[in-house]
Amino acid sequence: MSTESSIIVVYDVGSGTFNYPADISSENRILFEAHKHEIQSDLNILKERKEPVASFLEVAVNPTVDTQRDFIIGFVSSEPWRVINIVITDVSQQKKYTREMRYLVDFDSLTGLYNKDSFTKHVDIALAAAQEKKEQGKFAMIYLDIVQFKAINEIFGQLTADSVLKHIATSINNFVSDAGFGCRIGSDRFCAFVERSGDALETGLNDLIEQIAGFMGNYRIICNVGVYVSCQENLTAQEMIGRAILAQGIIKGSVNLNINYFHDEMRKEMLTEQEITSLMNNALKNREFVVYYQPQYEHSTKSLVGAEALVRWIHPDKGMISPAVFIPIFENNGFITNLDLYVFECSCMFIRRMIDEGENVVPVSSNFSRHDLFDSDLVAKLEEIRKRHNIEARYLRIEITESSFMGESDYINELINKLHNCGYIVEMDDFGSGYSSLNTLKDIDFDIIKLDMKFMDDEEQNNRGGTILSSVVRMANWLNMPVIAEGVETKAQADYLKSIGSDYVQGYLYSKPLPEADFEKLLMSDSLGSMKVNDSKETSEGIEVWDPKSLDSLIFTSYVGPAAIFEYRDGLIDINRINGKYLKEFGMRENERDVLMKNNLLDSLRTDDKQKYIQAIENVIATGQETTVETWRKVTSKSCGTVTLCIRTDLQLLGKGKNSYLLFANIRNITTDRHTQLDPCVIDEAATYHWEYVIGKKEMYPCMRCMQDLNLPERLENYPEPVIENGIFPHEIADFYRDWHKQLDEGKVSHLEAVLPLTDARIPHLVKYDLEFDSIGRPVKAYGSATPYNE
Ligand code: C2E
Ligand code: CA
Ligand code: CA
């Protein structure tokens, strides 16, 4: 039967035989015979009826296969009911068109997964069916996003990128198996709906991530997965997807986390953030932000020496909103600068009023967030306000926390310098809360340290708190820096602070933050004093206080940052102790302390990093200088499984034994900065060339190996031209390589990599760049490397 033509077979009711047309092809005859059984059952019904009929039967041959053929079989009978004509029409072509249309409407043509519309439709149907059956089954909605898919496109080309997407689709199909379905929801974003939860879900997801990661061999494809697991509430597919997306969004920028589950707090936080953002501008206009003042006292004389301005939001309907709720949101959306300048101006107005009314005044300190500090006009703005209200700068103190300028010491010193030139006093807030190190105090020109009692964890409060505090105070005294102890709640704390010579206090024990009118009363009734702020910055004792051998500074340092103390003997390391922050830096819990203590540290390092680490130790021992080393370290913990982290360690020598050395290690987990898409363990690091490219200046600084093997000078100008000229980067890839530097200079990319043929011999190398940005997102430096590439 040719397409779209019909044949008629006549069925003789009396004899029950079929009469085929003379020209029927053998193929069609076989086809017909094959379906005789279905046809026969229709015929049996029809022949009994003895009435005019025209009924149809649809038959598909080879269904679900590309060669599917479809037929419509019509039955026509008329008086005197002796025969029934069977009209068989091949409608394969029409059916095929219809199927293709359906497919286009329902499926993603590249991956064959559902598209978004049909996916949500199917999920909603499945959910409704489950609800109808009152099934208790738990469903999970998964949202999966590839990290840096754009880079895969750029480096490997669209064909490869497409094959990655197809592979992901296959992996998703494997993952859902027959318990759900997948969908490509956007370019490199996928969803899956699956009836699974708990461990089965977790295992499945880990397998899925691993399957995807391994598709391109050494080049690991990283994906982030957000998961929403259905609970009591009845959500639509769309809402489930929304929550999975929200959960996934939290992962961005975090290296150790690949799967994140939605929890209800996230939604509440999001709603709060939206609400606060929508209210903030009017709140500022309507003067809903009110400044409270928390008094600061000198312990020994009981005199009032200053106050901290703390903002409160008094909303007409909601009442008082805590700064802990809205400050982080404003810090995120930048509104904080408006608010901080407002608070600063309120303090100025208050001081002005006191002076005008003939009252005594004390200095008031205002808090400034990171966003403020990187506003290049900050000092000018403060000066404008201060001068407008005609206040002497010595009445105004500026509080800055260390975490707000991390890694920007030079910038912050410049800012503090400007503030000092105008006469402001600058305080370091929340000392001990973050990554403060021995050097922060030395390197940054603060006038006052604020030490918050709440940043001592319980262990430290109970056992070692005293020693720690006293060493901070001692060190500050040595630097002639006043220390304000904040958050002093108990008499015991106050007495202790006094006994170690810490004289300035702020806390509930003395007074809560007060509304302006109440603080005004204090100013009138309390005896006033002043803090002795040293402006010469001369130190009172010798440099020995910095000698890290002293137990006090040792504990002090362990208090202020993630740290470990270990013994080094004959190339072996024995960890003596680590602090809580050290554990946290590895993402571990207190009960996992043994994992880091017992495992030989060197064994957890990459082979080539071991040597690097030992060299750094030997260097500390030989020179007595603090030495920094970056290594990749593999740790296995209950909470995270096995992870490879890039750890920066600052090593200091604490003491020497007969043939052993005691070292102090301050660490930072910098995996996020250093993480590249390639599994670091598989790179042949020993054969790698490294260099640094300084953005904007077109300067390149090669590593020792580059200099020796490739005969390069210490510094190359007008990079990359010199290495194109000397043929290290041959002419056919010159423009490509130039274009990379253009991209780096513009800060458009954070990571580049490609396999390039290097030198005259055209030896394939995996060439990579990782761009480093400063805290406000400007590109600073790019770290280049080239490793021989063997497929
Ligand atoms: P902070 O700068 O460390 O301020 C000290 C916080 O400790 C204040 O909380 C204060 O009320 C509280 N506090 C004082 N004494 C005690 C005590 O004895 N025990 C306890 N448990 N807490 C005590 P508050 O006012 O809720 O402010 C929280 C944070 O919000 C501040 O911490 C600061 O980081 C931020 N903040 C407040 N006002 C402003 C502002 O105007 N601008 C900026 N940028 N941040 C602000
Ligand atoms: Ca503060
Ligand atoms: Ca504080």
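A few remarks follow.
- If you take all other residues with their beta carbon under 9 Å from the beta carbon of S300, and give Lys and Arg +1 and Asp and Glu -1, the sum is 0.
- Estimated from the Cβ-Cβ distance and a Förster radius of 41 angstrom, the FRET efficiency linking S530 and I776 is about 0.65.
- For the pair Y508 and I222, label points projected 7 Å from Cα toward Cβ lie 4.2 nm apart.
- Positive minus negative residues near I314 (Lys, Arg vs Asp, Glu; Cβ under 10 Å): +2
- Shown here are the Rg and Dmax of the Cα trace of the chain, at 36.8, 126 Å.
- Helix 264-285 vs. the chain, principal-axis angle (Cα, 0 to 90°, nearest 10): 60 degrees
- Annotation for L522 and D760: the two label points, set 7 Å from Cα along the Cα-Cβ direction, are 8.0 nm apart.
- The base-10 log of I(q)/I(0) for segment 185-245, evaluated at q = 0.23, 0.30 Å⁻¹, reads -1.07, -1.36 [Debye formula, identical scatterers on Cα atoms, solvent excluded].
- Modelled FRET efficiency - R0 30 Å, D106 with E132, Cβ distances, 0.05 increments: 0.80
- Each residue of segment 416-425 was assigned a 3J(HN,Hα) from its phi angle through the Karplus expression (A = 6.51, B = -1.76, C = 1.60, θ = phi - 60°), giving 4, 4, 4, 4, 4, 4, 8, x, 7, 9 Hz with x at Gly and Pro.
- With neighbours defined as other Cβ atoms within 10 Å of a residue's Cβ, the residues C422, C706 order from fewest to most as C422, C706.
- The Rg/Rh ratio of segment 1-108, with both radii computed over alpha carbons and Rh defined as the Kirkwood radius, is 1.04.
- Of the peptides 146-153, 239-246, the order by per-residue mean of other Cβ atoms within 10 Å, starting with the highest, comes out as 239-246, 146-153.
- Computed magnitude of the charge dipole of the chain (debye, nearest 20; Cβ of K, R +1, Cβ of D, E -1): 860 debye
- Net lengthening on full extension, L257/Q93 (0.36 nm per residue, minus Cα-Cα): 54.0 nm
- Acute angle (nearest 10 degrees) that the helix 516-525 long axis makes with the longest principal axis of the chain, alpha-carbon atoms: 20 degrees
- Calculated on alpha-carbon atoms, Rg and Dmax of segment 71-223 in Å: 22.0, 78
- Charge dipole (debye, nearest 20) of segment 1-134; +1 at Cβ of Lys and Arg, -1 at Cβ of Asp and Glu: 300 debye
- Residues whose amide H falls under 5 Å from that of S55, counting only those 5 or more places apart or on a different chain, are F75, with hydrogens built in the peptide plane.
- Radius 12 Å from Cβ of E520, net charge of other residues (Lys, Arg +1; Asp, Glu -1): -3
- Ordering of 709-722, 97-110 by burial proxy (mean other Cβ atoms within 10 Å per residue, highest first): 709-722, 97-110
- Taking 0.36 nm per residue of separation and subtracting the Cα-Cα distance, full extension of the segment from E38 to S376 would add 113.2 nm.
- Applying 0.36 nm per residue to the separation of S499 and K697 and subtracting their alpha-carbon distance, the gain on full extension is 65.8 nm.
- Between R352 and V83, the distance separating the two model label sites (each 7 Å from Cα on the Cα→Cβ line) works out to 11.1 nm.
- Helix 323-333 and the longest principal axis of the C-alpha atoms of the chain enclose an angle of approximately 70°.
- Derived from the Cα gyration tensor, the three semi-axes of the equivalent ellipsoid of segment 199-349 are 45, 21, 15 Å, largest first.
- Highest-first arrangement of 578-585, 733-740, 611-618, where packing means the average Cβ count within 10 Å: 578-585, 611-618, 733-740
Every read-out reported here was derived from the displayed coordinates using simple, explicitly stated rules and does not represent laboratory data. This structure is a prediction, so every number in the text was calculated from the model and none was measured. Ideal geometry is used to build each Cβ from the backbone, glycine not excepted, and the neighbour counts take in all protein chains shown.
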